[in-house]
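Read the structure below first, then the notes.
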């Protein structure tokens with residue numbers, strides 16, 4: 001029986017700390033800044049806020065946050081696949 005790779009794949013959630021996201025996934029932090037205007041990933045407050053909190057402070061609604069998380073996970077999946085080539 002083959003091991004499932006999906007359980008080992010990193011997954012972004014709305015509760016991820018912004019500073020940890022930026023540190024671990026700089027490509028995603030760049031996407032947040034460029035695609036969503038969330039430059040807070042480089043702000044000192046990022047150490048205190050989750051992705052959801054930061055997005056809501058910038059006027060994003062629940063549905064926007066869900067779409068943002070989906071986008072970041074798709075981007076993460078793509079960058080992980082590129083690394084494995």
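Okay, here's what the table says:
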| item | result |
| --- | --- |
| Candidates 51, 32, 75: whichever shows maximal mean-square fluctuation once the chain is modelled as a Gaussian network with Cα springs under 10 Å | 75 |
| Helix 62-83 axis, angle to the chain major axis (alpha carbon atoms, nearest 10°) | 40 degrees |
| Within the chain, helix-based [θ] at 222 nm, where runs of 4 or more DSSP H residues each add -39,500 (n - 2.57), nearest 500 | -17000 deg cm²/dmol |
| Helix 26-36 axis, angle to the chain major axis (alpha carbon atoms, nearest 10°) | 50 degrees |
| Candidate values (i) 55, 29, 16; (ii) 46, 23, 21; (iii) 30, 28, 22, label of the one derived for Cα extents along the principal axes in Å | (ii) |
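Bear in mind these aren't lab numbers, they're just calculated from the coordinates by the rules spelled out. Just so it is clear, the model here is predicted, and its values are computed rather than measured.
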